[in-house]
Amino acid sequence: MSNPSSAYPILYASFNQDSSCFVVGTRDGFKIFDSNTGKLLYERAMGAFIIVEMLFNTSLLAIVGAGEQPSLSPRRLVLFNTTTGTPLRELNFLTSVLAIRLNRKRLVVVLQDKTFIYDTNSVAMLDTVDTVPNLKGICAFSPNSDGCFLALPASTTRGLVLVYNVMELRPHCEIDAHRSPLAAMVLSSDGKYLATASEQGTLIRVYLVSEATKSFSFRRGTYPSTIYSLSFGPPAQLPDLLAATSSSGAVHIFCLELAMNQRSRRSNSLLGSVLPDSIHDVLDPPYHLILHNAISSGIKSYAVIRKVVKESGTSTSDFPACRVTMLLIAFTGYFQEYSLSINNQNESSWSLEREFNLLTVDSSVATRS
């Protein structure tokens with residue numbers, strides 16, 4: 001998530017592919033932190049950066065400058081080695097780099113009207129995808145090589161999504177997700193699900209990528225709000241959860257498993273069998289948990305679900321009791337860790353476990369309190 005034109009001290013924030021680490025880019029440089037302990041792992045003061053992407057826990061970074069110095073052009077992508085502190089390779093483009101995504105086999109570079117796909121190891125260009133004007137660099141990427149997809153906007157007037165198979169280098173499908181233009185997207189790490197939000201921000205929709213069909217529709221709220229981030233929970237953990245942050249200042253967590261169980265029961269009922277899905281989107285309960293006033297309204301933020309632990313000895317037809325660890329970065333410079341406890345009746349309670357200033361922390365401060 002980049003924020004190049006903002007007065008906020010954080011210009012960019014992202015988690016690595018398994019959310020074990022996160023990085024923030026500032027006007028002075030960038031910092032890498034351990035998600036579990038909050039420990040500062042690496043710091044580099046070399047100017048303003050609008051993109052800093054990690055490759056899991058390796059020493060490789062893909063970085064793009066904010067253009068405040070001639071040597072840090074927003075049109076130049078640098079592959080940087082944190083161990084040696086030196087650049088490995090540079091890629092120069094005709095226009096600004098708006099987003100970067102990568103895994104162990106593919107490097108994706110998103111420009112305003114083109115997206116380039118490279119081999120990560122050789123940095124050889126494999127394909128170019130022409131796109132509609134994508135001024136915000138909106139994209140989604142699944143880092144798992146077995147289900148590695150890239151999602152890009154396919155319209156400037158409505159929420160049409162192009163899903164591209166970056167391993168086979170071919171379009172996979174198009175999904176007509178919203179009537180309004182897209183504001184945010186995320187793919188689950190295994191490439192199974194795509195979650196989308198439009199500029200209205202009232203509905204979050206989840207699609208099954210393999211069949212390009214809608215699986216879930218969640219109502220975030222009644223009034224429009226800008227969606228800042230969407231993030232699926234860790235792979236291979238139940239229940240399936242989706243986190244969203246918005247300009248309202250609240251954090252929403254949607255429960256896919258609960259919605260699936262409710263849908264199964266509904267389809268077996270007489271009323272459920274005759275009502276169309278569009279009516280169910282209105283009538284169904286929201287299946288989500290809300291952390292109100294996590295940050296001030298209008299402050300850009302980024303949340304991920306770091307861990308989901310199912311409570312032992314619990315079982316229910318609807319929802320397994322669990323404990324969720326959620327991490328939140330506010331672009332004003334603060335990090336928060338919340339613990340969310342959910343019981344078998346989908347009742348929840350939140351507690352703030354940790355909070356610190358990302359801009360002033362050193363390696364001895366950011367430990368769990």
Exercise for review: Could you identify the single residue in ALA303, ALA294 that is within 18 Å of ARG220 (Cα to Cα), modelled with pLDDT of 80 or more, assigned to a loop (DSSP other than H, G, I, E, B) and among the aliphatic types (A, V, I, L, M)?
Suggested key: ALA294
Check your understanding: Just to be sure, is VAL97 touching a strand residue (DSSP E or B) at 6+ places or on another chain (Cβ under 6 Å), assigned to a loop (DSSP other than H, G, I, E, B) and crowded, with 18+ Cβ neighbours inside 10 Å?
Key -> yes
Check your understanding: Just checking, which of ASN81, ASN57 is in contact with a Cys (Cβ under 7 Å, 6 or more places away or on another chain) and farther than 15 Å from ILE329 by Cα?
Key -> ASN57
Check your understanding: What number goes with the only condition from (1) more than 23 Å from VAL304 (Cα to Cα); (2) at pLDDT 95 or above; (3) of a type in the set (S, T, N, Q); (4) not in a loop (DSSP other than H, G, I, E, B) that THR157 does not pass?
Key -> (4)
Revision key, fill the gap. Counting only residues that are among the hydroxyl-bearing types (Ser, Thr, Tyr) and in contact (Cβ under 8 Å) with a residue 60 or more places away in the chain, region 105-123 contains a total of 1
Check your understanding: Only one of (1) within 18 Å of the chain's Cα centre (by Cα); (2) under 19 Å from ASN16 (Cβ atoms) fails for LEU152. Which number is that?
Key -> (2)
Exercise for review: Scan region 160-180 for residues that are more than 18 Å from ASP130 (Cα to Cα) and surrounded by fewer than 24 Cβ atoms within 10 Å (Cβ to Cβ) and report the count.
Suggested key: 4
Check your understanding: In region 269-291, how many are assigned to a loop (DSSP other than H, G, I, E, B) and either modelled with pLDDT of 90 or more or closer than 20 Å to LEU242 by Cα (or both)?
Key -> 4
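So in region 105-114, with the set limited to residues that are part of a loop (DSSP other than H, G, I, E, B) and in contact with a Leu (Cβ under 9 Å, 6 or more places away or on another chain), which one is surrounded by the fewest Cβ atoms within 10 Å (Cβ to Cβ)?
Filtering region 105-114 for residues that are part of a loop (DSSP other than H, G, I, E, B) and in contact with a Leu (Cβ under 9 Å, 6 or more places away or on another chain), the one surrounded by the fewest Cβ atoms within 10 Å (Cβ to Cβ) comes out as GLN112.
Restricting attention to region 12-60, and to residues there that are acidic (Asp, Glu) and part of a strand (DSSP E or B), which single residue is nearest to ARG306 (Cα to Cα)?
Step by step, filter region 12-60, then rank; the result is ASP34.
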Practice item. Could you tell me whether LEU102 is in contact (Cβ under 8 Å) with a residue 40 or more places away in the chain, among the aliphatic types (A, V, I, L, M), over 19 Å from LEU11 (Cα atoms) and surrounded by 15 or more Cβ atoms within 10 Å (Cβ to Cβ)? Key: yes
Study note, to complete from the structure: Going through (1) under 27 Å from ASP34 (Cβ atoms); (2) modelled with pLDDT of 55 or more; (3) in a loop (DSSP other than H, G, I, E, B) one by one, PRO320 fails only at (1)
**Study point:** Positions within region 204-216 being part of a strand (DSSP E or B) and surrounded by fewer than 18 Cβ atoms within 10 Å (Cβ to Cβ), in sequence order
**Key:** LEU208, THR213, LYS214
Check your understanding: Of these, LEU152, LEU126, LEU162, LEU194, which one is within 24 Å of LEU11 (Cα to Cα), in contact (Cβ under 8 Å) with a residue 24 or more places away in the chain and either assigned to a strand (DSSP E or B) or of a type in the set (Phe, Trp, Tyr) (or both)?
Key -> LEU152
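From the residues in region 132-146 that are under 15 Å from SER210 (Cβ atoms) and either β-branched (Val, Ile, Thr) or under 17 Å from the mean Cα position of the chain (by Cα) (or both), which one is surrounded by the fewest Cβ atoms within 10 Å (Cβ to Cβ)?
The qualifying residue surrounded by the fewest Cβ atoms within 10 Å (Cβ to Cβ) is ASN144.
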Exercise for review: Would you check if there is a residue in region 65-88 being within 19 Å of the chain's Cα centre (by Cα), buried (at least 18 other Cβ atoms within 10 Å of the Cβ), assigned to a strand (DSSP E or B) and modelled with pLDDT of 95 or more?
Suggested key: no
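The values are calculated or read from the model by the stated rules, or taken from the named source; none is laboratory data. These figures come from a predicted structure and were not determined experimentally. Backbone-built Cβ (ideal geometry, glycine too); neighbour counts: all protein chains shown.
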